[in-house]
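The values are calculated or read from the model by the stated rules, or taken from the named source; none is laboratory data. The shown structure was predicted, so the numbers you read here are calculated from the model rather than taken from an experiment. Cβ: placed from backbone, ideal geometry, glycine included. Neighbour counts: every protein chain shown.
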Amino acid sequence: MDLKKLRNESDIRGVASEGIEGQHINLTDEAIYELACGFFAWLGKRVGKDSLKVGVGRDSRISGPRILEAVKKAAADMGVALYDTGLASTPAMFMSTITEGFEYDGSIMITASHLPFNRNGMKFFVKEGGLEASDIKEVIAVAEEGGFAKVGGGSCESIDFMTVYAQILVDIIRKGTGKEMPLAGTKVIVDAGNGAGGFYANNVLKVLGADTEGSQFLEPDGMFPNHIPNPEDKAAGESISKAVLNAKADLGIIFDTDVDRAGVVDPNGRVINRNRLIALIGKILLLEFPGTTIVTDSTTSSGLAKFIAENGGVHHRFKRGYKNVINEGIRLNGEGKDCQLAIETSGHAALKENYFLDDGAYLVTKILITMANMRAEGKDMFELIASLEEPKEAEEFRLNIKAEDFKAYGAQVIESIKAAAEADAKFTPAPTNYEGIRVSLDKDNGNGWFLVRMSLHDPLLPINVESDSVGGVRVIVETLYGLLKGMDLDLSPIEKYLA
């Protein structure tokens, strides 16, 4: 098969299990085997070694064991010493490349993040971080070309790395609070969504003295029977919010399947994700690093921009895509501009102090340190974001592009909106647009903003609209509809909203 069809920017994704009508397995044993061989050959050339040590872990998906066996076969044929960590988080697999006593040449995480149960994939790491899109293209090219030696003699050893990784987090919290049991007397519950995040309740929170009774869905179950393991998902948010209120918890934590994203919930059941989460971790870091730059994706709210500025930070609104956001933060630091945080509204948060690794468990660890220290002073951590102004209304529309050359047509639509915005005084285009077009409108025309951009992968125009007035989104959407009407787009989502 064409392995290139399995590339999803900087990782591999595909259908790995039957169970959803119309979706057939393309992440086959053969495809996994060839891609793993390609990665091993590519990695050997990169690090200049004939004998490689590589870690491999997986989330709770039902196809994980099958994919693991294909990776094991590739390692055996390629002469690679493979170390199977079992159930693991994606960030932990990176840490296995740099942690003393392990220090693997590379690692593989078998996951498809928050996608449905029938999907799976692979993320790859080297000591410098996760592979880029260009690296994945090279791995696929190597796999498809073949011709590399299959020397045989590879091995596979089962190891316990997650206990080591959890202890790293425990030590960080103890150091950050100066206490052996800094969470004693607090109730902190976890919703792991039946993914890989249950370790945090058992191996981090309990060790630090927290009462975790009321935690839910800690047991791995690759069918995800309770809710989608996604901190952005409305049903998931409602579930952890209810659990926090029932348990009278001081904090709730929710992870996605492979724990590279997280959200939290305050004692009143308010979900702290998206702009609220960025504001919270942003304020925490601004207290440590005054004036630092915070890189976000393009869909963040005007209230967040104001919050960051009022707290002495620099807001750098960039493109969607967690890799884009992280790489921009790394680039700014390379130019000598201090950037401590690169975070996407999806919950991918990468801190400079943590290798710019998007790690939901580390994000929560940082928040827990602040909570513990402020509680010791009789203060409420969530007061840190009390001044965050949130929109009265927000909507997102995803419009299918009907034109065959959807990328060219999408760019044409955006240019058309840009021209209209520049020609009409009621529109104020953002001074800097790294993707699409973002336009503000005054109080007489909706009192908010809209962003029209191209999807990263699909023939779609996602449109985000926010307003600081009740009824304002409708006013803005009506204006947008007038600009888009007659174009080769499926406008039914907007028409349904306006009906």
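So here's what we get for this one:
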item	result
Answer residue from region 61-75, given it is of a type outside the set (A, V, I, L, M) and touching a strand residue (DSSP E or B) at 6+ places or on another chain (Cβ under 6 Å) and is nearest to I228 (Cα to Cα) among those	R61
Conditions (1) assigned to a helix (DSSP H, G or I); (2) surrounded by fewer than 17 Cβ atoms within 10 Å (Cβ to Cβ); (3) touching a strand residue (DSSP E or B) at 6+ places or on another chain (Cβ under 7 Å): number failed by Y481	(3)
Of the criteria (1) in contact with a Gly (Cβ under 6 Å, 6 or more places away or on another chain); (2) crowded, with 21+ Cβ neighbours inside 10 Å, which one L456 fails	(2)
Matching residues in region 241-273 - criterion: being touching a Pro at 6+ places or on another chain (Cβ under 9 Å) and among the charged types (D, E, K, R)	K248, D250, D256, D258, D260, R261
Residue in region 313-321 that is over 19 Å from the mean Cα position of the chain (by Cα), surrounded by fewer than 19 Cβ atoms within 10 Å (Cβ to Cβ) and small (G, A, S) present	no
Whichever residue in region 366-410 is aliphatic (A, V, I, L, M) and part of a strand (DSSP E or B) and, among such residues, is surrounded by the fewest Cβ atoms within 10 Å (Cβ to Cβ)	A394
Elements of type strands (runs of 3 or more DSSP E) contained in region 116-210, each with 1 or more residues being among the aromatic types (F, W, Y) and in contact with a helix residue (DSSP H, G or I) (Cβ under 7 Å, 6 or more places away or on another chain)	119-126
Residue in region 298-308 that is more than 30 Å from E132 (Cβ to Cβ) and basic (K, R) present	yes
Unique match (being crowded, with 19+ Cβ neighbours inside 10 Å and under 30 Å from K72 (Cα atoms)) among M223, M162	M162
Candidates R58, R66 - the one that is basic (K, R), surrounded by 24 or more Cβ atoms within 10 Å (Cβ to Cβ) and outside the structural domain of A262 (by TED's automatic domain parsing)	R58
Whichever residue in region 70-115 is among the hydroxyl-bearing types (S, T, Y) and in a strand (DSSP E or B) and, among such residues, is surrounded by the fewest Cβ atoms within 10 Å (Cβ to Cβ)	Y83
Helices (runs of 4 or more DSSP H) enclosed by region 245-338 - at least 3 residues per element that are touching a residue at least 60 places away in the same chain (Cβ under 8 Å) and more than 26 Å from T428 (Cβ to Cβ)	274-288
Qualifying residue in region 429-440 (condition: touching a residue at least 40 places away in the same chain (Cβ under 8 Å), basic (K, R) and not assigned by TED's automatic domain parsing to the domain that holds T300)	yes
Pairs where the first residue, in region 394-420, is in the same structural domain as K485 (by TED's automatic domain parsing) and the second is surrounded by 12 or more Cβ atoms within 10 Å (Cβ to Cβ) and of a type in the set (G, A, S), C-beta under 7 Å, 6+ apart	I401/G410; Y409/A403; I414/G436
Among residues of region 418-454, those that are closer than 15 Å to S469 by Cβ and part of a strand (DSSP E or B), counted	5
Given (1) within 22 Å of A411 (Cα to Cα); (2) at pLDDT 95 or above; (3) of a type in the set (A, V, I, L, M), index of the condition M454 fails	(2)
Tally of residues being within 27 Å of the chain's Cα centre (by Cα) and surrounded by fewer than 19 Cβ atoms within 10 Å (Cβ to Cβ) across region 11-28	8
